[in-house]
Amino acid sequence: MITVDKVSMKFDLGMEKNFSFKQAFINILSFKKRKKKEYFMALNNVSFNVKKGEVVGLIGSNGAGKSTILKIVSGVMKPTKGKVEVNGVVSPMIELGAGFDLELTARENIYLNGAVMGYSKKFLEEKFDEIVEFSELKDFLDVPVKNFSSGMVAKLAFSIATIVDPEILIVDEILSVGDIKFQEKSKNKMLEMIKGGTTVLFVSHSLEQIKELCTRVIWLEHGEIVKIGDTETICNEYYKKQLG
């Protein structure tokens, strides 16, 4: 389903900085000290495969490259080198609510976000009550999303994204958003998808979630793969390394 072949991702740190006249002045003063551009290798020659129906976890320290991998597989980013092949319809849950218009109400954003995800108006009308019920936001449908807490935004976004069972689900830490009740509901929804044969690429700092959901684990550090293998074995090795 997913093939990541010798993928590297290089960011120009200078380009990532916000331009300002102050920054330009600093750059002029420090010109002699800057001998070369500053780059950051988020990923370096990463390769792996995910088979149909597999649930593969990505673990590693902050900055290991986990979220970058998800964005590349989802098509949000193009790698500097290497290639990615994805055979199937992808539902990315990376930055929940990123496509919302904060000035619009929850009701309006259901249709807007659903349209962005490729759902027809007729389909959204048929699924509207289901989305609202799952989100637990019935009393806030006509409230602008800008007044929502981050947890409420995540609930709404998750409810829209999971109204169909995708072939490939790309998940980044979403099971840690919202209250405990909603976290459990989200996890159960994911388990339903997994039982239905959905292929999942899942990033989480929770080793308990990784162990519960994943059949295989990829351990990343500093943009490179440390190990790929059995969930229990890799998670235990990673845990010991973190403590050491």
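The values are calculated or read from the model by the stated rules, or taken from the named source; none is laboratory data. Everything numeric in this text was worked out from a predicted model, so none of it was measured. All Cβ positions, glycine included, derive from the backbone under ideal geometry; neighbour counts span all protein chains shown.
Tabulated data for the structure shown
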item	result
Only listed residue being under 20 Å from the mean Cα position of the chain (by Cα), without any contact (Cβ under 8 Å) to a residue 40 or more places away in the chain and under 25 Å from Ile59 (Cα atoms), chosen from Asp179, Asp172	Asp179
Residue check, Gly82 assigned to a strand (DSSP E or B) and either touching a Lys or Arg at 6+ places or on another chain (Cβ under 7 Å) or on the phi > 0 side of the Ramachandran plot (or both)	yes
Helices (runs of 4 or more DSSP H) wholly inside the range 89-184 containing at least 1 residues that are farther than 24 Å from Cys214 by Cβ and of a type in the set (Asp, Glu)	106-116, 121-135
Single residue of Ile163, Ile180 found to be modelled with pLDDT of 85 or more, surrounded by fewer than 22 Cβ atoms within 10 Å (Cβ to Cβ) and of a type in the set (A, V, I, L, M)	Ile163
Ile228 being closer than 29 Å to Met9 by Cα and either touching a residue at least 24 places away in the same chain (Cβ under 8 Å) or surrounded by 16 or more Cβ atoms within 10 Å (Cβ to Cβ) (or both)	yes
When residues of the range 185-219 are limited to those that are of a type in the set (Gly, Ala, Ser) and assigned to a loop (DSSP other than H, G, I, E, B), the one nearest to Lys71 (Cα to Cα)	Ser204
Residues (at pLDDT 90 or above and touching a helix residue (DSSP H, G or I) at 6+ places or on another chain (Cβ under 8 Å)) located in the range 191-203	Val200, Leu201, Phe202, Val203
Residue tally, condition over 12 Å from the mean Cα position of the chain (by Cα), aliphatic (A, V, I, L, M) and modelled with pLDDT under 90, over the range 69-114	1
